[in-house]
Structures are given as structure tokens and as C-alpha cells.
Amino acid sequence: MGGRVTPSGTPPSVRKRVAVLGSTGSIGRNVLAVAAAHPDAFEIVSLSAFRNVDLLAEQAARFGVGKVAVGEGTPQGSFPDGVEIGRGRASLEALASDPGVDLVVNALVGAAGLAPTLAAVEAGRTLALANKESLVMAGELVSRAAESSGAALVPIDSEHSSLFRCLKGVPRSELAGVVLTASGGPLRDLPTSEIASAGVEAVLDHPTWDMGEKVTVDSATLVNKAMEVVEARWLFDLPFERIEVVLHRESIVHSLVRLTDGTLLAHLGLPDMKVPIQYAMFHPDPPGGIFEDCRPGALGSLHFEPVDFGRYPCYDLVLDAARQGGTSPVIAATADEVAVAAFVDGRIRFGEIADVIAGALAAVAAGDAPDVDAVLAAEETAREAAGQIVGRLSGALSQ
């Protein structure tokens, strides 16, 4: 999706200085596409990637960045002369809290995104957030830190970006709840008897969105939507019972706001991640232009259906863990990350992702999450437990 940007309005006279964490992933590449479309509005000053150093080096050269961060043990790569290269968690936190940065985009995948989120928020940076795990694992900590520092937290997820827009004009006294839409994922029409054995290629073939592997698998299990419910709980200060999920195959209506008089507000847009990314990057100013017009006459019919949650056992596992609070959502999110990687690598079956999450939740005792150290300690324990479960399942699969 996408295409040429049509400029609208006058570009700001001072460019925003942007750090892009996770620049080689799907979201990160789209962030850089938005920046390239608006060279008068944005200056990319730092980038990070875990392993894809070749692409990271190309991006660093193309945008003339001064700093990059890579994973521990990652090969050096052929970076332009003068580029400062950091490694590991500390380097990500340094980029996120850099006083020379106006906007931090966290497009990291998984638990690795939490520490940089907290670093950016505690430093008072504006944070454009695509890393769901930050709020799933430590929503209360992130919210408290943002309130203390005055940091702006702007969502990138299409559903939360949509709610962010819709809720601007809604007095709290008129807000009854919100509705997140779900495409149903790539297996939404597969017979129930065939879901557990679905192959990697089928699971990664999303019907409406072009996303990275982790998010696409999470869409197939509906873990992605469970995490989005948790995100909405923290972003908009809503109890879980006021956040609904509805199946919407076309992925045109990204969210709805339920009002106290029984009416709904809806936000429509074509399924192109550059749209919410652009909105977050320009915030609080108006978006910079049009990537592709959403015209009602061309949309055809739009459909809404209840979600058959029986097809998605992982959804309840993750959401129940979030309701329990403490380190329970940390355990669930970490186990999912381990399980998805194992499935994509062919070490477990698709249906066993739920077994890994359930097994980790049963094996690891949940506790309080008063600070980031407690969260990261629980993450490490959960990762080990989930890895052991994957090992047992892999052994059975190979027999």
C-alpha cells in the first residue's frame, strides 16, 4: 500500500530530530519512508537494529545519522566513517534518552522495547510507540513515569492511533467505552480442525496488512489483539470491561468509540501503516500529507461480526494474565515471544503456541512488579521456562 505523498500545509521551519529504534523492521522501514517523504520536517539522528547490520548501515548512510545501536555480539558492519556504534540494552536506552532527540520512535519487537520506552519517558521525550510489550509488561510503570516527566506518549498501532484521534473531541462524561476491530488474521476461515497444524507460510499470509513475522503470527493467534486491549487500558485509562473487540474483515474501520447515548464514532482509513506513523511523527501538528485517499465510494461493503474466541485460545491466556496484574502479563508476553520464534523456526506446531504460554504461566510464580528490575527479572525467568517447554515440544515433534 502507499504511494506518492501529497504535501499539505507549510513544513515546520525546524526539523524534528528523530531516533528510530528498530529501524530495519516493518514499522521502522515505514517510519523512514515517512521521514524521506518529508525531508523538511524530520532529521533522523539515530537508528538501531538487532542483527540486520547490513540494512542498518545502508540506512545510516542514506539518512546521515551520527549514532546507531546493535545487539550484543552482532558483527561490526560497514558503517560510514564517524558513526558512533553502541551495543546492547544500555546503548538503546542512551539513544532513547538522548537530549539531542525530539522524538523517539520505539519500533522494537518484544521485551527488548521496555527499557528504551522507560528511558525515553523518564527523560521527558515524546515517544511514538509501536512496541506493545512495553505497556503489556509494565503499563503502570510507563504511565506513572510519563505523568511524572510530562512525556507525551503517542500510539502508532492503527487501532490506538485511531482512538487517539476520535477521543480528542469526546468529554470523559460522554465516553461509554471503545471498540477495537480485528481482521481475524490469516487463519480466520480455516476449519477449526486444521488450525493447530497450520504451516508457517499460511500463518504469515495476512489478508489485509503487511507486517513483520512476530506481529503476523500474533494476529493469527489473536495475541496481538489481546495486547492491544491491554495497551488501550493504559493509554486511555479505561477498565478492561469497557474495551471490546469486534471482527472486521476489511480493516477499514480501525476503531469505534461508544458514547453514553448509545451512538458510535468511527475512524476509517486504508490499511497502510504509514498513515498512523505519519500522524504520530507530526503530532501535535497536523499530518504532513496523503499517502492514499480513503474514498467511501470505493470501499464497498463493510462488515462487523462477533469474534469466535474459541478459535483463539491464546487471546484469553494473555488477557487473563493482564487482568491478574503484577508480573503475570510479563510471563505471558515473554512466553508468546519465545513460542512465536520457535514456530517460525519450525520447532513447534502453531497450536502449541498456546501450550507454551499456558505452560509458562503455570510454571512461573507471578509476583508484584514495583519497578523495571522486577519486570525484567520475571521476563528472564519466563524466557527460561518457555524455552524449556519449547525444548520438550521440539523433541516430541522430531520423533
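Quick one: grab the alpha carbon gyration tensor of the range 171-250, order the square roots of its eigenvalues as a ≥ b ≥ c, and give me rounded if a/c is under 1.5, else prolate or oblate depending on whether a/b is larger than b/c. Prolate, because a/c is 1.5 or more and a/b exceeds b/c. Of the complete DSSP H runs in the chain, those spanning 27 angstrom or more by Cα along the long axis with a mean Kyte-Doolittle score not below -1.0 are 372-398.
Taking each residue as 0.36 nm, the span from E147 to E292 lengthens on full extension beyond its C-alpha to C-alpha distance by 48.7 nm.
What is the sum of charges, Lys and Arg at +1 and Asp and Glu at -1, for the other residues whose Cβ falls under 11 Å from the Cβ of V18? Within the 11 Å Cβ shell, the charges total +1. Its convex hull of Cα atoms gives the range 75-168 a direction-averaged projected area, equal to a quarter of the hull surface, of 7.2 nm². Below 13 Å, Cα to Cα, which aspartates and glutamates can K16 reach? Residues fewer than 8 away in the same chain don't count. Partners within reach: D40, E43, D102, D285. Along the axis of the charge dipole computed for the chain (Cβ charges of +1 for Lys and Arg, -1 for Asp and Glu, origin at the Cα centre), the listed residues F50, H283, L361 are led at the positive end by H283. 3J(HN,Hα) along the range 247-262, derived from phi through the Karplus expression 6.51 cos²θ - 1.76 cosθ + 1.60 where θ = phi - 60°, amounts to 7, 9, 5, 6, 6, 9, 8, 8, 6, 9, 10, 8, 9, 5, 8, x Hz, with x in place of Gly and Pro.
Stretched out fully, how many nm does the piece from A36 to E72 gain, at 0.36 nm a residue minus the Cα gap? Walk me through the intermediate numbers first.
Working: separation 36, 0.36 × 36 = 12.96 nm, distance 2.90 nm.
This chain segment gains 10.1 nm when fully extended.
Put in line by how crowded their Cβ is, counting other Cβ atoms within 10 Å and starting with the fewest, C294, C166, C314 read C294, C166, C314. With 0.36 nm allotted per residue and the present C-alpha distance subtracted, the R311-V14 stretch has 101.9 nm of extension available. Sorting T334, T208 from the fewest to the most surrounding beta carbons within 10 angstrom yields T208, T334. Computed over the alpha-carbon pairs of the chain, the distance histogram in 20 Å steps reads 28, 61, 12, 0 percent, short to long.
Take the Cα of S173, go 7 Å toward its beta carbon, and the backbone nitrogen atoms of the range 244-258 under 19 Å from that spot belong to 258.
Only DSSP H runs of four or more residues enter the estimate; each adds -39500 (n - 2.57), and after division by the residues of the chain the mean residue ellipticity at 222 nm equals -13500 deg cm²/dmol.
Taking the chain as a Gaussian network, Cα atoms linked when under 10 Å apart, which of V142, V340, V246 shows the biggest mean-square fluctuation? Maximum among the listed residues: V246. When the C-alpha to C-alpha distance is required to be over 29 Å, the pairs from K132/K168; K67/K214; K168/K214; K225/K274 that qualify are K168/K214. GNM on the chain, C-alpha springs below 10 Å: top fluctuator among L190, L163, L180? Judging by the Gaussian network model, the answer is L190.
Read the figures in this text as sums done on the coordinates, not as results from a lab. If you're wondering where the values come from, they're calculated on a predicted model, not measured in any experiment. Every residue, glycine among them, receives a Cβ derived from its backbone with ideal geometry; neighbour counts consider all protein chains shown.
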